[in-house]
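Okay, structure first, notes after.
Values in this text are rule-based calculations from the coordinates and carry no lab data. For clarity, every value in this text was computed on a predicted model and none was experimentally measured. Cβ coordinates were reconstructed from backbone atoms using ideal geometry, including for glycine residues, and neighbour counts include every protein chain displayed.
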Protein chains: 2
Amino acid sequence: MELVRTADELAVRTAAARGRGEVVGLVPTMGALHDGHASLIATACAQCGFVVVSIFVNPLQFGPNEDFAHYPRRLEADLERAGEAGADLVFAPGVEELYPEPVHVTVHVGEPADILEGALRPGHFDGVATVLTRLFNLVGPARAYFGEKDYQQLVIVRDLVRELRLPAEIVNCPTLREADGLARSSRNAYLAPTERAVAPVLHRALVAGASAIAQGERDAAAVRRAMRAVAEAEQGVRVDYLEVADPERLRTLARVDGPVRLLGALRIGAVRLIDNLAAAPGVNP
Amino acid sequence: MELVRTADELAVRTAAARGRGEVVGLVPTMGALHDGHASLIATACAQCGFVVVSIFVNPLQFGPNEDFAHYPRRLEADLERAGEAGADLVFAPGVEELYPEPVHVTVHVGEPADILEGALRPGHFDGVATVLTRLFNLVGPARAYFGEKDYQQLVIVRDLVRELRLPAEIVNCPTLREADGLARSSRNAYLAPTERAVAPVLHRALVAGASAIAQGERDAAAVRRAMRAVAEAEQGVRVDYLEVADPERLRTLARVDGPVRLLGALRIGAVRLIDNLAAAPGVNP
């Protein structure tokens, strides 16, 4: 597996791969790779002859009071992880390489970028969309792989690719979880042991919501209350949101009439965790 | 020459051309093709094996009080024109084909999109950037051709391609003029005969500015006054702007210390005309 730092080198490698008739796959990451990323990379390797993993902590998607400076960066371990998972190339540009000058051009995403994560992190999804457009155009993947853990991001990435006509197929991969249900996330590394013990409550709350729906609850407000009751039973947990939304556009629902997506964000101490779950009447989680 | 209406058909044709090893060139237009467009197409044909002319009157780049509904549309004549100039394919999608649903994703361009044309046409350049990103991703051109007549657009398109890493080279082509100096433009068709007689005053004003600079004028305010005096000597002319700007970022200048760009916009009756000219100390226009 090769490490590439510049767009020019990357272009040479991807052109060569395409020249050999290989399908190029992209797994965009911010590094701090965990089993969830390894699973995305393995899926990409099963479907593509040449898999690029990008590692870039994108300043544009962090708010002024967020954890950009402290976001975990450990390239050596990431290279080993990506190589083990089967990646052919890691593209890890510096900030100056991907944003070499004042930024004049950004991508703006509308609904549903303004709700849920977007309401709490203004500009976050514009930053995601801008860096992904750059990365897609640099790598030119036929397929790109995203985890369902960032479900709202997945919806927005699908909008981005469809509307800007980026010539790539988006493949979504299921969320990988710890044995106790906690979704794998680079930010789990921030959790102190006592916080880590509490963290699975987010998944438990979502499961409680899905169970209520499975058992016939149609009132979305009642589902929200059921989820919140589970989350707030744990000490030191602050709920940012626990929501019942339509799975396509993430609009908040009043009634559950078919498949929905349950989405949640909690704060435990200084750490913020998000997760989500599919739910539908008659379907046990 | 072939007319193609859908993105799917277009993809088949451009993939075939690339498969034959041909360089794909794109000339994006809003139709109502004139000699200026023919010159762009001919330049593209000299440099590319497969030249696509897009014809699309983009609703996103028109303001609510602008001429979207009345913008000249004459596909039959355009097809003949494009074919004569050497185009291989005209891509003329309907609005539903290029914007098939509510638009969630747009491209936002900053400086210099907020001055000159942008100050008078809020959102105009965002609309231009959004449709061009879609067109570039659909056509996948190695080169795309733009006229210098829309000089501010050219600066912004260069930003767009460089920053979003669109894998295309931008080629700028000189403005084609009538014998009396009027820049070729689809909007010239709106001019009544008496207005047409007055219209060359825009080019004359810019030439007066360039002459003043050539002869040693260094005070940009004096150059602006010289241009304005020429324009306002004609009855029925309203000046939107006549500006002295740096040629790279279009920032307004106080002093002329090297090459500059002179940019102007006038209204004659209900018609709005724009034009521009390079100028430099010691260089006669």
Suppose every K and R has +1 on its Cβ and every D and E has -1 on its Cβ; what is the size of the dipole of region A:176-225 about the Cα centre, in Debye to the nearest 20?
100
Distance between modelled label sites at B:H34 and B:L120, nm, 7 Å Cα→Cβ extension
1.6
Taking only Cα atoms of the protein assembly as shown, the Rg to Rh ratio with Kirkwood Rh works out at 1.04
With only helices counted (DSSP H, runs n ≥ 4, each -39500 (n - 2.57)), the per-residue ellipticity at 222 nm for chain B, to the nearest 500, works out to -11500 deg cm²/dmol
With the label 7 angstrom out along Cα to Cβ, how close does A:G258 come to the same site in each of the other copies, in nm, nearest first?
6.2
Whose amide H sits under 5 Å from the amide H of B:G147, counting only residues 5 or more places off or on another chain, with H placed in the peptide plane?
B:C173
With the dipole of region A:1-153 defined by +1 on each Lys or Arg Cβ and -1 on each Asp or Glu Cβ, the option from A:A144, A:A77, A:V128 whose Cα lies farthest towards the positive pole is A:A144
Using Cβ counts within 10 Å as a stand-in for footprinting exposure, how do B:F136, A:F146 rank, fewest first?
A:F146, B:F136
How high is the relative contact order of chain A, in percent, counting Cα pairs under 8 Å that sit 6 or more residues apart?
16
Which three numbers, in whole Å and largest first, are the semi-axes of the equivalent ellipsoid of region B:2-173 derived from its Cα gyration tensor as √(5λ)?
24, 18, 17
Per-residue Cβ neighbour rank within 10 angstrom, fewest leading, B:M1, B:M227:
B:M1, B:M227
With the label set 7 Å along Cα→Cβ, B:A233 is separated from its counterparts in the other copies, in nm and shortest first, by 8.8
Rounded to the nearest 20 Debye, what is the dipole magnitude of chain A about its Cα centre when Lys and Arg each give +1 and Asp and Glu each give -1 at the C-beta?
480
Whole-number Å³ per residue for the convex hull built on Cα positions in region B:212-259:
73
Work through the residues other than A:P100 whose Cβ is under 10 Å from its Cβ and net out their charges, Lys, Arg +1 and Asp, Glu -1.
-3
How many Cβ atoms of partner chains, on average, are near each residue of A:155-163 if near means within 10 Å of its Cβ?
3
Per residue of region B:227-244, what does 6.51 cos²θ - 1.76 cosθ + 1.60 with θ = phi - 60° give for ³J(HN,Hα)? Whole Hz please, x for Gly and Pro, Karplus curve as stated.
5, 5, 4, 5, 5, 7, 5, 8, 5, x, 9, 10, 8, 7, 7, 9, 10, 10
Using only Cα atoms, what is the ratio of the radius of gyration of region B:1-44 to 2.2 N^0.38 Å?
1.30
Give me the net charge of A:E232's neighbourhood, meaning all other residues with Cβ under 13 Å from the Cβ of A:E232; Lys, Arg count +1, Asp, Glu -1.
+4
The set of residues whose placed amide H lies less than 5 Å from the amide H of B:R177, leaving out same-chain residues fewer than 5 positions away, is B:R184
Do any GluC sites (Glu not before Pro) in region B:1-99 lie in a DSSP loop with no more than 15 other beta carbon atoms within 10 Å, and if so, which?
B:E66
Return the sequence-ordered ³J(HN,Hα) values of region B:246-252 in whole Hz as given by the Karplus equation 6.51 cos²θ - 1.76 cosθ + 1.60 applied to θ = phi - 60°, using x for Gly and Pro.
6, x, 8, 10, 6, 5, 4
Sites A:D180 and B:R5, calculated FRET efficiency, Cβ-Cβ separation with R0 60 Å, nearest 0.05:
0.65
Which one, A:V171, A:V128, A:V103, has the greatest fluctuation when you compute a Gaussian network model over chain A with C-alpha springs under 10 angstrom?
A:V103
From phi via Karplus (6.51, -1.76, 1.60), per-residue ³J(HN,Hα) for region B:139-156 in Hz, x at Gly/Pro
8, x, x, 6, 9, 10, 10, 9, x, 6, 4, 8, 5, 5, 4, 4, 4, 6
Taking the Cα centre of the protein assembly as shown as origin, sum charge times position over the Cβ atoms of Lys and Arg (+1) and Asp and Glu (-1), and report the length of that vector in debye to the nearest 20.
260
What ranking of B:R18, A:R134 emerges when the number of other C-beta atoms within 10 Å of each C-beta is taken as an exposure proxy, fewest first?
B:R18, A:R134
Amide H contacts under 5 Å for B:E2, restricted to residues at least 5 apart in sequence or on another chain and with H modeled in the peptide plane, are B:L89, B:V90
Determine, from the Cβ-Cβ distance of A:R73 and B:N65 and an R0 of 56 Å, the FRET efficiency 1/(1 + (r/R0)^6), rounded to the nearest 0.05.
0.65
Rg(Cα)/(2.2 N^0.38 Å) for region A:186-279, N = residue count:
1.07
